[in-house]
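The values are calculated or read from the model by the stated rules, or taken from the named source; none is laboratory data. Because the structure is a prediction, the values reported are computed rather than measured. Backbone-built Cβ (ideal geometry, glycine too); neighbour counts: all protein chains shown. These accessible areas exclude ligands, DNA and RNA; they are computed on the full protein's heavy atoms, side chains included. Shrake-Rupley method; radii C 1.70, N 1.55, O 1.52, S 1.80 Å.
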Amino acid sequence: MTTTTPDEASVGKQSRASASSRYGALARYLVIRFLLIVPTAWILVTVVFFLMRVLGDPISAALGGRLPADQIAERRAAAGYDRPILVQYWEYLSGLVRGDFGRAATNNQEISSVLITNGAATLELAFWALLVAFAVGIPLGFYAATRRDSFSDGTLRILAILFYAAPVFFVGMLLKLVFAVKLGWLPVAGRASTDVELALRNVSPKTNILLIDSILYGEPAYTVDVLKHAVLPAIALGLLTAGVFLRLVRVNLLQTLQAGYVDAARARGLSARTVARRHAFRNALIPVVTVMGLQIAMLLGGAVLTETTFEWQGLGYQLARYLQARDFVAVQGIVTFLAIVVAVISFLTDAIVALVDPRVRF
């Protein structure tokens, strides 16, 4: 039978109290951070709303010169754009609470249906781009850090700068020229071949994410076709973030390798590669999680150019079309939705960092 000394009992109580205090502080932090989504999204929505109104009323901007003045006036009145600006603002906020993002001025289509259909395409592209960013940036960052100041390290650092600095549309055109036009290995544009897209319209339940829809359809050739169409857009957009991850992992791994616990691991006779892989690498990934939210926002911004380059019909593609048509109602709805998404992603990123990094204080 074992007995517990008073000192051991005291240490145990202090440890439990410390853990309880941390979890309580973490819970308060997450609740407050979650509640901050509302004012953050409100500020973003407000800025977008009034910036759109600086350009004039959306109906006149979209249809001016195409319809007679009396018809434009009728449409302005029907849409409520002849009312005071604060009344319009309140009605717009009330609609957002109900999930109503308005209707496009050019075709009267509900913006919410555009967000559902084309948003799924953007989500799919962002997922593939993140896979490319992780698969390229993290291993190359690890490799560069373990070979500091070598030729390969210098090459990878230059490569990371090129990944980040090269315009997405330029990289996309180069990829299309080489792998689609010259070699003929991959499709030039689109999310799938025309016959595949037509067939997948009849799948049930329909998710608008073509990879999932092709799997539900049960035809392996369709799934392969969808994957082949995703390769070039994912690489073009993913390399942008891969450059950030490469440099971030390299710098943080080099800093982690100088920590005291790493020196202790070396003193036990472990090889340099084992120390880097088992003891330093995981801690070096924490900053990657920290900036992941910002990188996802960057992916959403880069998706506009990527989707336009590859005719990938996502939100970026639709946004470019609405901008060309001067349909600021639709532009406002899409930009507002993206702003809300970025606010939510920012919260999720902060929550993950708080959970995985014990050094964070609240």
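Can you find, within region 138-153, the residue that is nearest to L125 (Cα to Cα) among those that are among the aromatic types (F, W, Y) and open to solvent by 40 Å² or more (accessible area, probe 1.4 Å)? Show your work before the answer.
Going through region 138-153, the residues among the aromatic types (F, W, Y) turn out to be 142-143, 151.
Now drop any that are not open to solvent by 40 Å² or more (accessible area, probe 1.4 Å), which leaves 143, 151.
On the way: Y143: 27, F151: 34 Å.
The extreme case among them is Y143.
Tell me which residues, restricted to region 93-108, are surrounded by 15 or more Cβ atoms within 10 Å (Cβ to Cβ) and outside any helix (DSSP H, G or I).
Across region 93-108, the qualifying residues are D100, F101, G102, R103, A104, A105, T106.
I need the helices (runs of 4 or more DSSP H) fully contained in region 265-362, keeping only those with at least 3 residues that are more than 23 Å from A145 (Cα to Cα) and modelled with pLDDT of 75 or more. It would help to see each step written out before you state the result.
On the way: elements: 281-284, 286-310, 315-324, 328-356.
Passing ranges, in order: 286-310, 315-324, 328-356.
Against the conditions (1) under 24 Å from L130 (Cα atoms); (2) open to solvent by 70 Å² or more (accessible area, probe 1.4 Å); (3) in contact (Cβ under 8 Å) with a residue 12 or more places away in the chain; (4) not charged (D, E, K, R), where does Y217 fall short? Just the number, please.
The number of the failed condition is (1).
Which one of these is in a helix (DSSP H, G or I), open to solvent by less than 40 Å² (accessible area, probe 1.4 Å) and touching a Leu at 6+ places or on another chain (Cβ under 6 Å): L156, L125?
Of the residues listed, the single one that is in a helix (DSSP H, G or I), open to solvent by less than 40 Å² (accessible area, probe 1.4 Å) and touching a Leu at 6+ places or on another chain (Cβ under 6 Å) is L156.
N118 fails exactly one of the following numbered conditions: (1) within 19 Å of A189 (Cβ to Cβ); (2) open to solvent by 40 Å² or more (accessible area, probe 1.4 Å). What is the number of that condition?
Of (1) within 19 Å of A189 (Cβ to Cβ); (2) open to solvent by 40 Å² or more (accessible area, probe 1.4 Å), only one is false for N118: (2).
Of all residues in region 202-249 being at pLDDT 85 or above and of a type in the set (K, R), which is farthest from W185 (Cα to Cα)?
R247
Just need a number here: residues in region 170-197 that are outside any loop (DSSP other than H, G, I, E, B) and open to solvent by 90 Å² or more (accessible area, probe 1.4 Å). Full working, then the answer.
Restricting attention to region 170-197, the residues satisfying the condition of being outside any loop (DSSP other than H, G, I, E, B) are 170-182, 194-197.
Next, from what is left, pick out any that are open to solvent by 90 Å² or more (accessible area, probe 1.4 Å): 170, 173, 181-182, 194-195.
Of the residues in that region, 6 qualify.
Only one of (1) under 20 Å from E307 (Cα atoms); (2) free of Cβ contacts under 8 Å to residues at least 60 places away in the same chain; (3) under 27 Å from the mean Cα position of the chain (by Cα) fails for R191. Which number is that?
(2)
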